[in-house]
Amino acid sequence: KKRDWLLRFATGYYYQPPFYRELRRLDGTLNPNLKAQKSIHFVFGGDLFFKAWNRPFKFTGEAYYKHLDNMIPYVVDNVRIRYLAENSSQGYATGIDTRVNGEFIQGIESWLNFSLLQTKERIYFTDDDGNEQLSDWLRRPTDQRVNFSILFQDELPSNPSYKLNLSLVYGGRVPFFFDGNNREKGGFTIPPYRRVDIGFSKVLVETGSHKRPTWMKNAESLWMSLEVFNLLQVNNTISYVLVKDFQNNVFGVPNYLTGRRLNLRFILKI
């Protein structure tokens, strides 16, 4: 059988003028001579449409490479991004993105994502003797090598008004650098990101229902859902607060993202 492929290729040369936050140095002064960051992109991808269990599915895949120049290095300070306000970095980003989505359960769409990424840069800096140096290849703060996620939805066969959705996310380790004055050096590594969400929903009233209250005569449907975010109560680290001891050793105290949360919603469609 012929495979139903849709292939595409794209390329582009991009200039991104600096914003105010990028113009501002670590000491608060502005650099009015900052140039636009540049990148040239190459993206090749395709969509494959196929059937499994007599139901439609779609596979999407893309491979890309980006050459980056005139970049402005930055660090994460607590939960704030601080730019060095200098066009002192050059680098690249390359990887693949894949996705499969379709009706694993008939009539309900689910999906699965998998991505690989590598992005690095080299930074020009001035050493203690006042000489300009070029660093080794450093991982950029967004260099998350592996990313994997699933959204699975289901319903009760005997009563489709009861539905369930389950979401799983895994993100690989990312680097965390000490501060702007030491951006050309290695720092900490943030542990992998892990999260599980689960949700339950029920259609209380819908079009054609015989038990529609008077005040809902013009409404299409009424839903109720209960969601549990971060079901496993994983302490995901977003950044570190750097602390020095009396011997000048640096320790990182982690800042954690939100823990487990409950969310109750009512959705009225008119």
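The values are calculated or read from the model by the stated rules, or taken from the named source; none is laboratory data. On a predicted model such as this, the values are computed, not experimentally measured, just so you know. Ideal geometry is used to build each Cβ from the backbone, glycine not excepted, and the neighbour counts take in all protein chains shown. When the accessible area is computed, the model is the full protein with side chains, heavy atoms only, and any ligands, DNA or RNA have been set aside. Shrake-Rupley method; radii C 1.70, N 1.55, O 1.52, S 1.80 Å.
Stretching Val43 away from Arg21 to a fully extended chain increases their span by 5.0 nm, per 0.36 nm per residue minus the current alpha-carbon distance. Computed with a 1.4 Å probe over protein heavy atoms only, the accessible area of Leu68 comes to about 20 Å².
Relative contact order for the chain using alpha-carbon pairs under 8 Å, separation at least 6, rounded to a whole percent?
12
Is any residue of region 176-206 close enough, with backbone N under 14 Å, to a label point placed 7 angstrom from the Cα of Thr258 along the Cα-Cβ axis, and if so, which? Counting only backbone N, you get 196-198.
Taking all protein chains together and a probe of 1.4 Å, list Glu86, Glu22 from the most accessible to the least accessible. Mind dumping the intermediate values first?
Details: Glu86 80, Glu22 10 Å².
Most to least solvent-accessible, the answer reads Glu86, Glu22.
The fraction of accessible area contributed by carbon and sulfur in the chain is 55 percent, rounded to a whole number (1.4 Å probe; ligands and nucleic acids excluded).
Could you do me a favour and compute the accessible area per residue for region 66-163, 1.4 Å probe, result in Å²?
55
Look at where the Cα atoms of region 76-155 and of region 6-25 average out, and the two centres are 15 Å apart. Considering only Cα atoms, the convex hull volume of region 68-184 works out to 126 Å³ per residue. 3J(HN,Hα) along region 253-263, derived from phi through the Karplus expression 6.51 cos²θ - 1.76 cosθ + 1.60 where θ = phi - 60°, amounts to 9, x, 9, 9, 6, 4, x, 5, 9, 9, 9 Hz, with x in place of Gly and Pro.
Other residues whose C-beta falls under 12 angstrom from the C-beta of Ile105 contribute a net charge of -2, scoring Lys and Arg +1 and Asp and Glu -1.
Please work out the C-alpha center-to-center distance from region 185-199 to region 240-259 and express it in whole Å. About 16 Å separates the Cα centre of region 185-199 from the one of region 240-259.
Normalising the average separation of contacting C-alpha pairs (under 8 angstrom, six or more residues apart) by the number of residues puts the relative contact order of region 44-89 at 28 percent. Calculated translational diffusion coefficient of region 1-96 (20 °C, 1.002 mPa s; Stokes-Einstein with Kirkwood radius over alpha-carbon pairs) equals 131 µm²/s.
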